[in-house]
Amino acid sequence: MKIELKNISKAFGVNQVLKDISLTVNSGEVHALMGENGAGKSTLMNILTGLFPASGGKIFIDGEERTFQNPREAELFGISFIHQEMNSWPELTVMENLFLGREIKKNGLLNNKEMRKQSRAAFNELGVNIPLNVEIGTLSVGQQQMIEIAKSFLSNLQILIMDEPTSALTERETSKLFEVIQHLKKRGVGIIYISHRMEEIFKLSDVVTVMRDGKVIDTKPTKDTNVNELVKKMVGREITDYYPHKNTPVGDVTFEVSHLESATNKFHDISFSVKSGEILAFSGLMGSGRTEVMRAVFGIDKPKSGVIKLHGKPIRIRKPLDAIRHGIGFLTENRKDEGLILDFSIRENVTLPSTRNFVKNLFFNTKMAMLFVRDLIQRLTIRSTGTEQIVGNLSGGNQQKVVLAKWVGISPKVLILDEPTRGVDVGSKREIYELMNELAGKGVPIIMVSSDLPEVLGVSDRIIVMHEGRIAGEILGKDANQEKIMQLATLGE
Amino acid sequence: MKTVSNFLNRFTSLTTLAALAVLMVLITVMNPSFLTTNNLLNLLLQVTANGFIAFGMTFVILTGGIDLSVGAILALSSALSAGMIGAGMPLPLAVLMCVVIGAGLGAINGFFIAYGKMAPFIVTLATQMIFRGLTLVFTNGNPITKGMDGFFLAYIGQGYLFGIPFPFILMIIAFVALYVLLHKTAFGKSVYALGGNEKAAYIAGVQSNRVKVAIYTISGLMSAIAGLVITSRLSSATPQAGNGYEMFAIAAVVLGGTSLMGGKGRMSGTIIGALIIGVLNNGLNIIGVSTFWQQVVEGAVIIVAVLVDVIRNKRSLQS
């Protein structure tokens with residue numbers, strides 16, 4: 001199957017996210033798609049698979065114009081999209097997942113025998129060995145991914161789109177995935193492979209396309225390019241531009257965590273400290289326990305043991321309110337789920353952790369809250385119609401700034417940011433970094449959990465790398481590079 | 001004019017208010033005796049019991065919960081305090097005890113829901129049975145009338161102040177107090193936040209468990225006050241008092257525009273909702289609709305009201 005995207009454009013409201021994109025993918029070819037977050041890669045793939053329509057341009061499949069109404073239609077046609085966050089149902093068994101929505105029936109009842117037979121055949125072909133009757137939720141990310149691939153394989157797979165498939169995989173799982181990809185390629189499946197990881201691109205792909213700010217910058221056979229050229233095209237400017245320079249000094253140790261032990265075996269013996277004005281990054285693979293550590297520090301999940309000290313004094317944090325009272329702010333990684341109340345206004349969201357500051361003689365003073373939030377909106381350049389706008393109607397970047405404003409609003413003594421720029425556009429990203437620098441400049445210690453390596457390298461004074469629930473090592477920002485971090489993150493040494 | 005409509009808009013949804021007005025006009029056209037002072041005073045009296053309960057229920061529903069035990073709490077707190085009166089307890093003290101018992105029973109609901117992490121529907125369904133059962137055990141199935149004719153108690157449900165039924169005045173006082181609590185205090189903010197997104201609220205420092213216990217306590221307390229009014233009016237505590245009241249209260253809250261998903265709604269909507277239910281009950285009687293058909297009509301009105309609300313929400317989302 002050959003796919004040709006011609007002059008695709010897409011606008012969300014006034015925001016033009018794709019401009020005149022053309023791309024061709026042939027069968028039996030691995031086509032790498034590179035570009036920073038927000039470059040438009042996922043949007044393009046979502047248009048191809050029918051999640052939403054393009055604003056302009058055409059899609060040709062084997063020379064015939066075609067648009068899919070929804071991802072399911074694309075899947076039936078042989079085009080499958082495996083997302084970063086997989087859509088499996090954790091309580092269903094492997095086989096139920098494989099046949100969800102297209103169960104094989106006999107006389108109106110499920111034909112388990114036939115489904116089992118087909119599942120086994122698909123697993124054999126892919127060289128996968130996973131029992132069919134276990135619940136998906138109990139499997140590793142790598143195994144779940146294999147199931148997703150097997151699922152598309154079961155329905156006439158022609159084109160497989162993978163979005164950052166290795167970001168949460170162990171090394172062994174990654175090489176297994178590569179084997180499967182090679183096998184699919186031989187079978188004539190075309191693969192669109194979205195990734196940031198250079199080694200993978202050069203190992204796997206035949207063709208590479210670089211996107212930036214919603215445009216295709218270049219498409220080339222992989223053998224005719226090199227890492228430097230790709231990076232330059234991806235970033236389009238020097239990396240020092242991208243991350244604002246932090247020139248404030250680091251002070252004394254303010255916040256210390258020692259021997260923190262997870263109650264659920266998620267992390268072990270975590271000790272670290274942050275100095276005033278310091279930006280400390282926590283790096284590591286997904287699932288290495290970074291988020292879990294921060295949740296325990298903030299009192300969301302109770303740790304088994306461990307001591308937390310602020311300004312040298314041990315403090316007790318048993319619930320988020322305790323942490324907030326000690327001046328700790330925590331931006332969670334999932335803003336829609338845990339950061340915001342989407343139906344509420346900017347004012348209501350921002351003032352939530354600082355409600356008590358606006359209570360005068362027992363009563364909540366709305367006017368005072370509005371003035372306060374208006375200031376924060378200006379300071380964080382939140383693009384909105386005002387303090388009363390409903391948060392659900394804001395763009396991702398502005399929503400993230402509302403969550404930040406919540407925590408800036410408590411005048412934090414320590415700020416923990418979990419993936420502060422995830423799903424945020426390039427412009428807002430820079431503004432968030434600037435805000436971090438500004439706060440650090442005022443002496444606030446900042447702990448940032450991030451999976452975005454360039455970001456970790458670009459903004460932090462010091463980097464702690466976690467591997468399988470333990471601290472694998474610590475690197476000073478000025479001595480760090482991607483290789484050092486990845487080595488600690490993947491090998492733990 | 002603009003400021004008036006602004007004020008009304010802030011106070012409640014105009015649609016609900018319009019629905020109430022239309023309903024009243026329709027009933028008056030069909031039987032003008034609806035609009036007599038006598039009947040209107042009677043109507044206010046009928047609205048009160050449901051009003052109290054619906055105010056408490058508003059808090060519960062705003063957090064995304066539900067309280068099915070309100071009718072049973074009403075009965076049990078009334079019966080227990082009536083028993084105390086029969087045993088010689090001074091009336092003011094017994095009245096106070098009634099309210100305390102109601103609050104306590106509500107707190108039990110809240111405790112299981114918050115700390116036991118159980119679904120409100122299940123907990124209050126079970127306590128509804130338990131509380132109602134205990135009422136029957138305590139009263140042996142008979143009304144309690146001994147010592148129930150004292151002035152203090154009688155005034156609560158039967159008295160008039162400035163020509164207005166005292167229980168209605170009591171309801172307005174409760175409304176103002178709860179309105180202020182919900183809309184003007186930090187506690188009120190946390191009630192909304194909890195209903196809007198419990199996880200986000202907790203991380204932002206809302207003490208969800210305490211708030212939950214508090215709102216079910218309020219709901220129990222308001223049920224007990226409704227019980228006092230009824231007991232006073234009948235001069236007896238009956239074991240079947242308040243049977244099915246949870247449905248009227250939930251209906252009033254929903255008619256008032258509060259979302260069963262939590263996080264959205266206002267106290268003022270509930271009072272209009274309670275009035276709509278009251279006008280329906282009273283009006284259908286006056287125009288001679290049989291009690292059998294009354295239920296059908298009330299159910300249909302709720303469906304239409306909520307449907308209108310759903311459509312309106314969808315439209316405001318799209319624009």
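The values are calculated or read from the model by the stated rules, or taken from the named source; none is laboratory data. Fair warning: this is a prediction, and the values are worked out from it, not measured in the lab. In this analysis, Cβ positions are derived from the backbone assuming ideal geometry, glycine residues included, and neighbour counts consider all displayed protein chains.
Remarks
- Qualifying residue in segment B:146-155 (condition: touching a Leu at 6+ places or on another chain (Cβ under 6 Å) and within 10 Å of chain A (Cβ to nearest Cβ)): no
- One residue stands out among those in segment A:208-232 that are in a helix (DSSP H, G or I) and among the basic types (K, R): the one that is surrounded by the most Cβ atoms within 10 Å (Cβ to Cβ), which is A:K232.
- For the residues B:S268, B:S290, the requirement of being hydroxyl-bearing (S, T, Y) and touching a residue at least 40 places away in the same chain (Cβ under 8 Å) singles out B:S268.
- For the criterion of being within 19 Å of the chain's Cα centre (by Cα) and surrounded by 15 or more Cβ atoms within 10 Å (Cβ to Cβ), B:T139 fails.
- Filter pass, B:S208 being out of contact with any strand residue (DSSP E or B) (no Cβ under 7 Å at 6 or more places or on another chain), at pLDDT below 95 and of a type in the set (S, T, Y): yes
- Subset tally (residues that are in contact with a His (Cβ under 7 Å, 6 or more places away or on another chain) and not hydrophobic (A, V, I, L, M, F, W, C)) for segment A:453-489: 2
- Residue within segment B:173-184 that is within 18 Å of the chain's Cα centre (by Cα), in contact (Cβ under 8 Å) with a residue 40 or more places away in the chain, within 14 Å of chain A (Cβ to nearest Cβ) and farther than 30 Å from A:I300 by Cα present: yes
- Residue satisfying all of: in segment B:202-218; among the small types (G, A, S) and more than 7 Å from chain A (Cβ to nearest Cβ); surrounded by the fewest Cβ atoms within 10 Å (Cβ to Cβ) among these: B:S208
- Inside segment A:377-399, residues that are out of contact with any strand residue (DSSP E or B) (no Cβ under 8 Å at 6 or more places or on another chain), within 14 Å of chain B (Cβ to nearest Cβ) and within 24 Å of A:T332 (Cα to Cα) make up a count of 3.
- Check on B:G227, surrounded by 21 or more Cβ atoms within 10 Å (Cβ to Cβ) and either within 12 Å of another protein chain (Cβ to nearest Cβ) or closer than 30 Å to A:L404 by Cβ (or both): no
Conditions tested, residue by residue: (1) closer than 26 Å to A:E73 by Cβ; (2) among the charged types (D, E, K, R).
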site	(1), (2)
A:L109	no, no
A:K117	no, yes
A:G127	no, no
A:I136	yes, no
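- Selected residue (criterion: surrounded by the fewest Cβ atoms within 10 Å (Cβ to Cβ)) from residues of segment B:255-307 that are in contact with a helix residue (DSSP H, G or I) (Cβ under 7 Å, 6 or more places away or on another chain) and of a type in the set (S, T, Y): B:S268
- The set of residues in segment A:349-382 that are surrounded by fewer than 19 Cβ atoms within 10 Å (Cβ to Cβ) and either aliphatic (A, V, I, L, M) or outside the structural domain of A:I324 (by TED's automatic domain parsing) (or both) comprises A:V359, A:L362, A:M368, A:M370, A:L371.
- Here the condition is being facing chain A (nearest Cβ under 10 Å) and either of a type in the set (G, A, S) or farther than 30 Å from B:V29 by Cα (or both); of B:G242, B:G263, it holds for B:G263 alone.
- When B:A241, B:A224, B:A305 are screened for being in a loop (DSSP other than H, G, I, E, B), in contact with a Leu (Cβ under 8 Å, 6 or more places away or on another chain) and at negative phi, only B:A241 passes.
- Verdict on A:L439 being at pLDDT 90 or above, surrounded by 16 or more Cβ atoms within 10 Å (Cβ to Cβ) and closer than 15 Å to A:K246 by Cα: yes
- Annotation: of all residues in segment B:147-201 being surrounded by 17 or more Cβ atoms within 10 Å (Cβ to Cβ) and charged (D, E, K, R), the one that is nearest to A:K367 (Cα to Cα) is B:K189.
- The listed residues are B:G133, B:G163, B:G106, B:G159, and the only one of them that is in contact with a Leu (Cβ under 9 Å, 6 or more places away or on another chain) and over 21 Å from B:G195 (Cβ atoms) turns out to be B:G163.
- Screening the candidates A:L169, A:L126, A:L204, A:L139 for the property of being modelled with pLDDT of 85 or more and surrounded by 14 or more Cβ atoms within 10 Å (Cβ to Cβ) yields one hit, A:L204.
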